[in-house]
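**Q** Just dropping this structure here.
The values are calculated or read from the model by the stated rules, or taken from the named source; none is laboratory data. None of the values given here were measured: they were computed from a predicted structure. Cβ placement follows ideal geometry from the backbone for every residue including glycine, while neighbour counts extend to all protein chains displayed. Heads up: the accessible areas ignore ligands, DNA and RNA and are worked out on the full protein's heavy atoms, side chains in. Shrake-Rupley method; radii C 1.70, N 1.55, O 1.52, S 1.80 Å.
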Amino acid sequence: MHLLVTGGAGYIGSHTCVAAHAAGHTVTVLDNLCNSSAESLARVERISGRRPRLIVGDIADRAVVRSVLDSEKFDAVIHFAGLKAVGESVAKPWEYYQNNVAGTLVLLDELRRHEVFDFVFSSSATVYGNPDPANLPLRETAPLAAVSPYGATKLWLEEVMRSMAAADPRWHFLLLRYFNPVGAHESGLIGEDPSGIPNNLMPYITQVAVGRLKELTIFGNDYPTPDGTCQRDYIHVCDLAEGHVAALAKVRELPGCTAVNLGTGNAVSVAQLVASFEKAVGRPLPHRYGPRRPGDAAACWADPSKARELFGWTAKRNADDMCRDAWNWQSRNPNGYRGA
Ligand code: NAD
Ligand code: UDP
């Protein structure tokens, strides 16, 4: 297939380019590089021997999107482009609605004009809001709720796609709800490279380990979980990338709009992830316990059986693999892609 991958220079996008190449697909990336670097695609070439064509542009820029779609025929789109920081979305809601919602509406409009109807969307477990423990592990039928402007952009876009599919049977939408992507390609050539101080747990841990940050604060150890720290469903980014390739193989067979969890089905606590990481690095990680972070759910993990049934996909890598590969990436690239 010839794939248009928006946001393909980013963390999950670059790993998906590698997986798509391995499956024999051709990739064109549309990315405005607002949270990434073209270096990631040079690294993709070092891994897979092929470099995706990169068009530097914004999904909200109709002229750019139109010229990309005029210039080549695409079989399907994987839509990663978007802003993703929950806290920033609370401070800058307009920017999130403009970038994620308005940008995606432009993209979808140009796709229907160009009759490209197979669409894989990066949704998120955030659409389950702060889940009721009675609904764990989360199935795709669990109640949906937005707990931040970021979450609202994912929820609204899912709704847009559901209604568009109901109105026009030519569309095939897969809404892939990712749980907590972590880790890096085993080569250590590509990985997560957040700008500024990371908000997410794994990049915070790796930056403490490499000496860029002093210590990790674990937010809360009084949750109603086995060890008192929050539980999440961490998924290796290469498993996630392979999940996209498995989904693409089925996108045209599945009518309308289908939401599918991409997770492992395992609940791992913050303390357990820190212990796995210490094992990978072979030394203790400086950390202390602090107060809860406002808005955090005590526990959130997936029932991944629908992905297995529909795509024949399951995650293969465990928390030790995630920590080993995250550390391999960070220790080889202490400043990420900067200075490369
Ligand atoms: P990322 O920031 O590394 O990648 C997103 C890419 O999109 C970046 O390369 C950025 O430059 C690009 N981009 C942003 N706005 C754009 C625009 N208007 N036009 C063109 N390019 C634009 O993030 P990621 O972790 O790879 O996430 C990819 C997608 O997956 C996002 O939609 C995110 O919301 C979703 N997601 C991520 C996580 C996670 O924890 N990483 C979890 C669930 C869902
Ligand atoms: N977390 C933490 N310290 C940090 C960052 C995160 O203890 O510096 C915890 C956070 O409270 C949550 C878990 O790690 O319980 C995962 O947080 P992350 O932001 O990575 O993912 P999300 O909460 O969005 O699932």
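**Q** May I ask you to list the residues in the range 135-153 that are more than 12 Å from ligand 2 (Cβ to nearest atom), of a type in the set (A, V, I, L, M, F, W, C) and more than 26 Å from residue 76 (Cβ to Cβ)? Write out each step before concluding.
**A** In the first step, residues of the range 135-153 are kept if they are more than 12 Å from ligand 2 (Cβ to nearest atom); the result is 135-146, 149, 152-153.
From what is left, the residues that are of a type in the set (A, V, I, L, M, F, W, C) are 136, 138, 142, 144-146, 152.
Answer for the range 135-153, where residues must be more than 12 Å from ligand 2 (Cβ to nearest atom), of a type in the set (A, V, I, L, M, F, W, C) and more than 26 Å from residue 76 (Cβ to Cβ): 136, 138, 142, 145, 146, 152.
**Q** Criterion first (under 19 Å from residue 265 (Cα atoms), open to solvent by 20 Å² or more (accessible area, probe 1.4 Å) and within 15 Å of ligand 1 (Cβ to nearest atom)) does residue 126 satisfy it? Break it down into steps so the answer makes sense when it comes.
**A** Values: under 19 Å from residue 265 (Cα atoms): yes; open to solvent by 20 Å² or more (accessible area, probe 1.4 Å): yes; within 15 Å of ligand 1 (Cβ to nearest atom): yes.
In short, yes.
**Q** I've got another one for you. Of the numbered conditions (1) assigned to a helix (DSSP H, G or I); (2) open to solvent by less than 30 Å² (accessible area, probe 1.4 Å), residue 175 satisfies every one except a single condition; which is it?
**A** (1)
**Q** While we're looking at this one, here's another question. Within the range 225-247, work out how many residues are open to solvent by 10 Å² or more (accessible area, probe 1.4 Å), over 26 Å from residue 17 (Cα atoms) and either more than 13 Å from ligand 2 (Cβ to nearest atom) or among the small types (Gly, Ala, Ser) (or both).
**A** The total comes to 1.
**Q** Looking at 68, 56, 86 in this structure, which one is out of contact with any helix residue (DSSP H, G or I) (no Cβ under 8 Å at 6 or more places or on another chain) and in contact (Cβ under 8 Å) with a residue 60 or more places away in the chain?
**A** Residue meeting the stated conditions: 68.
**Q** So residue 3 fits all but one of (1) open to solvent by less than 40 Å² (accessible area, probe 1.4 Å); (2) part of a helix (DSSP H, G or I); (3) in contact (Cβ under 8 Å) with a residue 60 or more places away in the chain; what number is the exception?
**A** Among (1) open to solvent by less than 40 Å² (accessible area, probe 1.4 Å); (2) part of a helix (DSSP H, G or I); (3) in contact (Cβ under 8 Å) with a residue 60 or more places away in the chain, residue 3 violates only (2).
**Q** Only one of these conditions is not met by residue 307: (1) in a loop (DSSP other than H, G, I, E, B); (2) at pLDDT 95 or above. Which number is it?
**A** Among (1) in a loop (DSSP other than H, G, I, E, B); (2) at pLDDT 95 or above, residue 307 violates only (1).
**Q** Continuing with the same structure: Only residues that are within 16 Å of ligand 1 (Cβ to nearest atom), over 18 Å from residue 278 (Cα atoms) and either in a helix (DSSP H, G or I) or more than 23 Å from the chain's Cα centre (by Cα) (or both): list them for the range 186-230, please.
**A** Within the range 186-230, no residue meets the criteria.
**Q** On the basis of being in a loop (DSSP other than H, G, I, E, B), within 13 Å of ligand 1 (Cβ to nearest atom) and closer than 17 Å to residue 329 by Cα, does residue 235 make the cut? Walk me through how you get there before you give the answer.
**A** Numbers: in a loop (DSSP other than H, G, I, E, B): no; within 13 Å of ligand 1 (Cβ to nearest atom): yes; closer than 17 Å to residue 329 by Cα: yes.
Spelling it out, it is not the case that residue 235 is in a loop (DSSP other than H, G, I, E, B), within 13 Å of ligand 1 (Cβ to nearest atom) and closer than 17 Å to residue 329 by Cα.
**Q** Separate question: Take the conditions more than 15 Å from ligand 2 (Cβ to nearest atom) and in contact (Cβ under 8 Å) with a residue 40 or more places away in the chain and apply them to residue 132. Does it pass? Show your work before the answer.
**A** On the way: more than 15 Å from ligand 2 (Cβ to nearest atom): yes; in contact (Cβ under 8 Å) with a residue 40 or more places away in the chain: no.
Criteria not met by residue 132.
**Q** Can you report the number of residues in the range 43-75 which are touching a Lys or Arg at 6+ places or on another chain (Cβ under 8 Å) and within 13 Å of ligand 1 (Cβ to nearest atom)?
**A** Residues meeting the conditions: 1.
**Q** Could you grab me the full set of residues in the range 259-297 that are surrounded by 19 or more Cβ atoms within 10 Å (Cβ to Cβ), near ligand 2 (Cβ under 10 Å from one of its atoms) and outside any helix (DSSP H, G or I)?
**A** Passing the criteria: 268, 269, 297.
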